Amino acid sequence: MELPFAESWKIKMVEPLRKSTREQREQWLKEAHYNVFQLKSEQVYIDLLTDSGTGAMSQEQWSAMMLGDESYAGATSFYKFENMVKKIFGLDYIIPTHQGRAAENVLFSYLVKEGNVIPGNAHFDTTKGHIESRKAKAIDVTTLDAKDTQKEVPFKGNVDLAKLEQVLTENKGNVPFMVLTVTNNTVGGQPVSMENIKATCALCHKYNVPVVMDSARFAENAYFIKTREKGYENKTIKEIVLEMYADADAATMSCKKDAIVNMGGFIATRKKEWFEGCKLFCIPFEGYITYGGLNGRDLNAIAQGLDENTEFDMLETRIKQVQYLAAKLDEYGIPYQRPAGGHAIFVDADKVLDQIPKEEFPGQTLTCELYLEAGVRACEIGYMVADRDPVTRENRFEGLDLLRLCIPRRVYTNNHMDVIAAALKNVYDRRNEIKRGVEIVWEAPLMRHFTVQLKRLG
Ligand code: F0G
């Protein structure tokens, strides 16, 4: 008999989980203004809010932390970190930052001017926030395939090259860079093919526009290239990553994802002038350029995490768990962005709660229902996260409205996946009884989903 697939690690340390009753959850969610970001973690049974900073570090990472050098400048930890980033990405100049959005803040402070246009394959919300807060414009150039959740294509995160070229020709001289996000979180953790990465870089360079790779889940993207793209099946993940970055000008990274640490980020670039420019913003925002808001021990853990999470077995364990959950949802007939993404399943909330109008936020409503059902905290990546148009102040309803079941790395077992799937099935089975959604009572002008206060209708 062929042996079944199993995790490439075993568990050494555990943390208890807390269950609750539906009555307790009704009360807690009301107190949280129907915004799961406002819940306390102890009110949550299985936490799928994010895969960011929520992974379990390895014994090698924990032991590397003990060797952290906490010197203010020139710590050995910085050089370990710098060498590893250079080795993995093949980029020359490295600046640590305390997380991904801090890398965006430093780099964009240097590069983005009012009125600029910055195309990207579905900018992540903080990326979009950092662009729009500087009165520049983020234009989405993701392939149209991504909008059809039921269409099964291998690289749904790709850039639509014709759309990109149109933006580049219409805005000549006004595009400081393009953002290429791997994997494309906003449309479902969907990968970008090597072919598309190379074509995007070539097209941008034809117009003298540099490419910044938003790299939070770069290793998961490399896994998909290896398993889905012809010609890469025999390459190692590390070889694929080097090739992904061979034509890129810079990277911003949230180490909280594919470096499997609780906090950390960086900017990496081959442009010396960008490095010099960024230093000026790193020092006042993040701290001196050899620590960038991080402890020496954090830098050690990042170096180790980058090394081990660019190995095939680690990525296979992770992505197969996401696919296991997807197979359960298939069994129950629950629609999600197909195929399953690298870090999460994105349930098509608009299709599940199709009787709830967009104005009542189906994705946000489904998030509440799933929490009430079983204490599973997912999050909405949809009309709430999309924010209002900065000019018209209208809600932006043109994208997808998704419920993200985001799986932390090396944290939950497949038994937890079974619970999540069963909870969602229960909600799905009574979907026709959920007739009304939610209404905004208070919202922030930007990135409103973190703090928005809602009222339940009906
Ligand atoms: N870019 C992408 C593609 C991201 O997914 C994130 C964070 C960031 C940048 C910002 O990094 O959190 O370290 O400041 N995504 C998390 C998520 C928060 O839940 O998807 P950060």
**Message:** Just the residues that are within 20 Å of ALA202 (Cβ to Cβ), of a type in the set (D, E, K, R) and buried (at least 16 other Cβ atoms within 10 Å of the Cβ), please, taken from the stretch 129-187.
**Reply:** ASP160, LYS163, GLU165
**Prompt:** Restricted to the stretch 376-431, and to residues that are away from the ligand (no atom under 14 Å from the Cβ) and of a type in the set (Gly, Ala, Ser), which residue is nearest to PHE37 (Cα to Cα)?
**Reply:** ALA386
**Count of residues meeting criterion [in contact (Cβ under 8 Å) with a residue 24 or more places away in the chain and surrounded by 12 or more Cβ atoms within 10 Å (Cβ to Cβ)] in the stretch 6-25** = 6
**Request:** Report whether or not ARG396 is under 25 Å from LYS320 (Cβ atoms) and either not β-branched (Val, Ile, Thr) or not assigned by TED's automatic domain parsing to the domain that holds VAL44 (or both).
**Result:** no
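Rundown of residues vs (1) farther than 24 Å from ARG217 by Cβ; (2) in contact (Cβ under 8 Å) with a residue 40 or more places away in the chain, yes/no style:
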| residue | (1), (2) |
| --- | --- |
| ASP145 | no, no |
| GLU152 | no, yes |
| ALA162 | yes, no |
| THR169 | yes, no |
| ASN174 | yes, yes |
| MET178 | no, yes |
**Asked** Can you tell which of TYR72, TYR79 is exposed (fewer than 14 other Cβ atoms within 10 Å of the Cβ) and away from the ligand (no atom under 16 Å from the Cβ)?
**Response** TYR72
**Message:** What's the total number of residues in the stretch 236-269 that are more than 12 Å from GLY292 (Cβ to Cβ) and part of a loop (DSSP other than H, G, I, E, B)?
**Reply:** 13
**Message:** surrounded by fewer than 18 Cβ atoms within 10 Å (Cβ to Cβ), away from the ligand (no atom under 16 Å from the Cβ) and small (Gly, Ala, Ser): is that true of SER41 in this structure?
**Reply:** no
**Request:** Scan the stretch 137-153 and give yes if some residue there is out of contact with any Lys or Arg (no Cβ under 6 Å at 6 or more places or on another chain), more than 23 Å from ASP350 (Cα to Cα) and either in a strand (DSSP E or B) or within 16 Å of the ligand (Cβ to nearest atom) (or both), otherwise no.
**Result:** yes
**Request:** Could you please let me know if ASN395 is modelled with pLDDT of 95 or more, closer than 26 Å to ALA146 by Cβ and surrounded by fewer than 22 Cβ atoms within 10 Å (Cβ to Cβ)?
**Result:** yes
**Request:** Having 3 or more residues that are out of contact with any Cys (no Cβ under 6 Å at 6 or more places or on another chain) and within 30 Å of GLY458 (Cα to Cα) is the bar; report the helices (runs of 4 or more DSSP H) wholly within the stretch 275-360 that clear it.
**Result:** 349-352
**Request:** Out of the residues in the stretch 202-230 that are within 16 Å of the ligand (Cβ to nearest atom) and among the hydrophobic types (A, V, I, L, M, F, W, C), state the one that is farthest from LYS271 (Cα to Cα).
**Result:** PHE224
**In the stretch 106-135, the residues that are within 19 Å of the chain's Cα centre (by Cα) and of a type in the set (Lys, Arg)** = LYS128
**Prompt:** Of the residues that sit in the stretch 244-260 and are crowded, with 20+ Cβ neighbours inside 10 Å and over 14 Å from the mean Cα position of the chain (by Cα), which one is nearest to the ligand (Cβ to nearest atom)?
**Reply:** ALA251
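The values are calculated or read from the model by the stated rules, or taken from the named source; none is laboratory data. Predicted, not measured: the structure shown is a model, and the values here were computed from it. So basically every Cβ, Gly included, is an ideal-geometry build from the backbone, and we count neighbours across all protein chains shown.
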